[in-house]
Ligand code: ADP
Ligand code: MG
């Protein structure tokens with residue numbers, strides 16, 4: 001029967017590490033036209049390495065890194081993890097008097113009466129800190145203390161090997177459009193898009209702008225075609241919820257992301273999207 005066939009498909013998918021939250025989503029996976037990926041932690045490893053510490057003015061590199069580490073000490077963003085790893089030392093969190101993580105921007109903290117800002121160009125602009133934009137390719141964390149710009153830390157991430165495979169497989173399946181959205185800089189986004197041969201890339205996006213872009217992409221496809229969004233869950237819940245099929249990846253994503261997703265992938269392999277679509281197609285053959 002139809003329901004049994006689909007249940008079989010859902011079970012088969014879960015044995016392959018793809019948890020589909022309902023047979024309607026398995027059916028929808030048959031008509032995927034657009035696949036939209038988040039960048040950090042989804043197509044890239046999300047394991048950043050500090051590659052440069054550039055100071056401007058009266059501060060040494062280890063002090064700049066220390067400011068950044070204090071700022072990032074409560075964040076679970078991949079950027080924060082890389083900075084804390086580079087710092088190596090323990091942070092005395094008792095010294096932190098206030099803490100604010102500004103989604104898509106960075107962090108603002110007060111430590112022993114000093115205000116530390118650590119984040120991107122948007123954060124510096126929002127806080128009216130003046131500085132000269134760097135030409136460097138890489139993800140950049142700018143640091144300002146007590147309203148003075150002190151320099152920046154360059155961190156870099158790598159494309160997952162499985163992402164290369166995943167994009168090729170999806171193209172072979174005839175997916176019409178493969179897109180990447182990122183809150184990271186344009187230069188970083190374009191580099192990744194080129195490496196993976198993606199159709200479109202949109203960078204410098206705030207979380208709500210990712211939702212707006214998704215809506216535009218949704219309007220561009222045919223009425224029958226489905227739009228998939230794939231993210232690792234950090235700041236992704238609204239976009240996951242808005243897509244026809246929201247896919248959370250990594251299994252260990254936030255509860256909010258797993259809740260908002262229609263499909264959960266247990267590993268961090270983007271090629272599982274292909275596996276899910278293949279199982280959906282096979283299930284359809286059995287059912288009809
Ligand atoms: P992505 O789209 O790459 O997953 P996010 O929306 O998580 O990115 O973040 C977008 C940008 O906001 C990052 O590239 C970074 O510049 C800045 N940012 C976010 N969180 C932090 C943080 N904890 N520390 C510094 N910068 C951050
Ligand atoms: Mg993210």
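Remarks
- Taken together, the residues in the stretch 252-273 that are out of contact with any helix residue (DSSP H, G or I) (no Cβ under 7 Å at 6 or more places or on another chain) and either without any contact (Cβ under 8 Å) to a residue 40 or more places away in the chain or more than 16 Å from ligand 2 (Cβ to nearest atom) (or both) amount to 9.
- Of all the residues in the stretch 131-172, those that are more than 16 Å from ligand 2 (Cβ to nearest atom), at pLDDT 95 or above and part of a loop (DSSP other than H, G, I, E, B) number 2.
- Within the stretch 111-128, the residues that satisfy the criterion of being in a strand (DSSP E or B) and either surrounded by fewer than 17 Cβ atoms within 10 Å (Cβ to Cβ) or within 16 Å of ligand 2 (Cβ to nearest atom) (or both) are 114, 115, 119.
- Scanning the stretch 214-240 for residues that are over 15 Å from the mean Cα position of the chain (by Cα) and either part of a loop (DSSP other than H, G, I, E, B) or surrounded by fewer than 24 Cβ atoms within 10 Å (Cβ to Cβ) (or both) returns 215, 216, 217, 218, 219, 220, 221, 222, 223, 224, 225, 226.
- Meets criteria (assigned to a loop (DSSP other than H, G, I, E, B) and either more than 24 Å from residue 54 (Cβ to Cβ) or in contact with a helix residue (DSSP H, G or I) (Cβ under 8 Å, 6 or more places away or on another chain) (or both)) for residue 179: no
- Every test in (1) within 13 Å of the chain's Cα centre (by Cα); (2) away from ligand 1 (no atom under 13 Å from the Cβ) is passed by residue 203 save one, and that test is (2).
- Odd one out for residue 194 among (1) farther than 23 Å from residue 275 by Cβ; (2) more than 16 Å from ligand 2 (Cβ to nearest atom); (3) touching a residue at least 60 places away in the same chain (Cβ under 8 Å): (3)
- Matching residues in the stretch 25-48 - criterion: being within 15 Å of ligand 1 (Cβ to nearest atom) and in contact with a strand residue (DSSP E or B) (Cβ under 9 Å, 6 or more places away or on another chain): 36, 37, 38, 39, 40, 41, 42, 43, 44, 45, 48
The values are calculated or read from the model by the stated rules, or taken from the named source; none is laboratory data. Please read all numbers here as calculations on a predicted model, not as lab measurements. Ideal geometry is used to build each Cβ from the backbone, glycine not excepted, and the neighbour counts take in all protein chains shown.
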